[in-house]
1. Could you compute the FRET efficiency for Gln597 and Gln473, with r as their C-beta to C-beta distance and R0 at 45 Å, rounded to 0.05?
2. Which entries of Lys439/Lys528; Lys82/Lys117; Lys136/Lys311; Lys258/Lys281 have Cα-Cα distances beyond 26 Å here?
3. With a 1.4 Å probe and every protein chain left in place, work out the accessible area per residue of region 316-453 in Å², rounded to a whole number.
4. Within the accessible area of the chain, what % is carbon and sulfur when the probe is 1.4 Å and the other protein chains stay in place?
5. Would you mind classifying region 60-163 by shape? Square roots of the alpha carbon gyration tensor eigenvalues, ordered a ≥ b ≥ c; an a/c under 1.5 is rounded, otherwise it is prolate if a/b is larger than b/c and oblate if not.
6. For Leu598, tell me the accessible area in Å² from a 1.4 Å probe, rounded to the nearest 10.
7. Where only protein heavy atoms count, and the probe is 1.4 Å, what is the accessible area per residue for region 176-219 in Å²?
8. Let me know the shape class of the chain, please: from the alpha-carbon gyration tensor, a ≥ b ≥ c as square roots of the eigenvalues, rounded when a/c is under 1.5, otherwise prolate if a/b is greater than b/c, or oblate.
Amino acid sequence: MGCFLRARLSHSWELQEQRVSSMAAASTSKYNSHSLENESIKRMSREGGNQDLSETVPRLPGEMLITDKEVIYICPFNGPIKGRVYITNYRLYLRSLETDSALILDVPLGVISRIEKMGGASSRGENAYGLDITCKDLRNLRFALKQEGHSRRDMFESLMKYAFPLAHSLPLFAFLNEEKFNVDGWAVYNPVEEYRRQGLPNHHWRITFINKCYELCDTYPALLVVPYRTSDDDLRRVATFRSRNRIPVLSWIHPENKTVIVRCSQPLVGMSGKRNKDDEKYLDAIRETNRQISKLTIYDARPSVNAVANKATGGGYESDDAYHNAELSFLDIHNIHVMRESLKKVKDIVYPNVEESHWLSSLESTHWLEHIKLVLTGAIQVADKVSSGKSSVLVHCSDGWDRTSQLTSLAMLMLDSFYRTIEGFEILVQKEWISFGHKFASRIGHGDKNHADADRSPIFLQFIDCVWQMLKQFPTAFEFNERFLVTILDHLYSCRFGTFLFNCESARERQKVMERTVSLWSLTNSNKEKFKNPFYTKEINRVLYPVASMRHLELWVNYYIRWNPRIKQQQPNPVEQRYMELLALRDDYIKRLEDLQLANSAKLSAASSSPPNSSQMMSHLQTQF
């Protein structure tokens with residue numbers, strides 16, 4: 001019966017297709033990957049957030065209105081716009097007061113990097129007196145205010161206090177957020193379960209709790225995977241020879257050939273070329289977990305000149321003389337300071353206006369895509385060594401928490417299709433970035449007013465950009481869409497969730513982050529349809545090798561240039577939109593099919609107890625809907 005009805009439905013497909021657009025408008029929101037965050041905020045406001053009397057400002061549970069002012073927003077695209085700005089302990093919200101403009105700005109205060117006063121008491125030019133706000137997400141905001149009544153001072157002080165709460169002994173908003181979701185994002189990552197998924201422990205690798213109180217290494221997770229025949233005392237001796245005690249530990253094991261990806265920090269060789277027999281023996285033990293390989297491949301993420309220079313500060317690299325069974329390669333990825341300056345140059349060419357006449361040369365001068373290429377190329381080399389079974393791989397940079405995290409996580413994404421699912425990617429981020437001590441607090445500066453801090457750097461943004469490049473080249477390989485990646489980056493800065501707060505696992509435990517804050521994954525996993533890629537095709541054990549040549553890499557326009565209204569008009573992707581419309585149409589057909597089947601079933605049940613003849617059956621099946 002089902003097959004016959006499906007045939008009837010297929011026959012009427014063309015007759016129904018002209019109804020796609022109107023139906024899609026009503027039902028595509030289920031699939032729309034561009035509808036994201038504001039809907040969530042507004043819904044939370046209606047369901048439990050408090051709002052001011054005029055109901056003009058959406059608020060999260062735990063969010064309080066601090067002040068509001070009438071301002072002139074100096075829009076870089078449309079000129080001055082009169083509006084009212086509302087400042088809460090979480091966001092800056094501007095609503096236009098002009099009848100011909102529906103402009104709304106909704107900016108989490110965590111995004112703000114710098115607040116400066118423009119103009120003084122003697123300023124006479126139009127809109128010359130006010131505030132200039134620099135944001136971490138590649139945009140600036142400028143507001144002009146009246147000079148009388150200390151209106152600027154009130155707004156400046158409120159913004160400084162709540163955008164940089166750490167400087168005023170106030171908690172980050174994540175500790176005040178009272179949102180409730182139907183999914184607990186903190187339950188996504190369980191290290192024991194993730195290692196068990198990889199088939200660990202086994203005869204060659206064991207789980208150790210030597211770091212359960214973070215005494216071996218205060219920036220590593222409590223649970224580590226190490227060679228089976230290495231004792232905890234051996235690990236303590238190795239830790240003395242690795243920067244910040246970040247010893248080599250397993251990140252991923254190949255399910256078939258059993259080669260592994262291991263991560264650590266640089267050895268403490270120094271100018272005198274020190275050696276450590278325990279460290280050399282330990283690397284041999286890693287190599288010998290797989291009897292098929294004769295050499296351990298070491299990928300040092302740094303340019304060789306930097307690695308040599310690090311000897312002057314007590315660091316260095318593994319020399320051939322000391323590590324006979326290892327092969328060392330440098331990947332030429334530059335340090336955090338180079339990446340920070342490169343992103344600044346990107347902002348200069350994309351905000352507020354795009355330099356169209358010299359676009360290609362301007363983009364090339366930023367070197368941003370060149371850095372993306374080097375990171376991807378390095379990760380491809382790691383993945384290829386492991387996938388081919390030629391060698392196990394050890395990855396490090398200087399301290400093992402920036403470039404190392406980029407390389408291990410991207411290589412794992414290429415090798416393991418599980419990490420290409422929504423929850424799998426969340427686990428990858430939790431594991432390789434959050435638990436292994438990428439310094440999110442230092443690199444992003446959550447709640448910290450020191451915008452010129454030399455520790456700030458877009459390392460995690462660079463990783464997400466690399467993931468987007470892969471998503472672009474393999475459009476059916478990932479369960480998540482572009483909006484998922486943008487949402488992660490938005491909340492990297494927002495301080496709405498506890499996921500990216502602090503520098504390491506031990507600091508998060510001291511602050512009881514899991515008990516006192518909400519996880520970002522609670523948001524994404526309770527709204528999964530928004531973040532799903534409609535083209536996703538599940539494949540097991542397919543290794544992805546993206547093309548990392550410059551002609552195949554693109555600037556991520558929907559992230560870096562998204563504040564430009566002319567760019568916004570290009571969204572959503574027309575192919576994706578059309579596909580979502582067809583999905584909506586398909587869902588409507590399936591629902592009609594189910595209704596018909598239920599109706600026919602009821603009619604057949606109500607018929608006489610004697611079996612109906614075939615002509616009766618056919619008349620039921622051919623009923624038109």
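The values are calculated or read from the model by the stated rules, or taken from the named source; none is laboratory data. Since this is a predicted model, take the numbers as computed values, not measurements. Here the Cβ positions follow ideal geometry from the backbone for every residue, glycine too, while neighbour counts run over all protein chains shown. Ligands, DNA and RNA are excluded from the accessible area calculation, which covers all protein heavy atoms including side chains. Shrake-Rupley method; radii C 1.70, N 1.55, O 1.52, S 1.80 Å.
1. E between Gln597 and Gln473, to the nearest 0.05, is 0.60.
2. Where the Cα-Cα span goes over 26 Å, the pairs concerned are Lys439/Lys528; Lys136/Lys311.
3. So region 316-453 comes to 34 Å² accessible per residue, rounded to a whole number.
4. Carbon and sulfur: 50 percent of the exposed surface of the chain.
5. Rounded, since a/c falls under 1.5.
6. The accessible area comes out at roughly 120 Å².
7. Value returned for region 176-219: 59 Å² of accessible area per residue.
8. Judged from the Cα gyration tensor, the chain comes out oblate (a/c at least 1.5, b/c at or above a/b).
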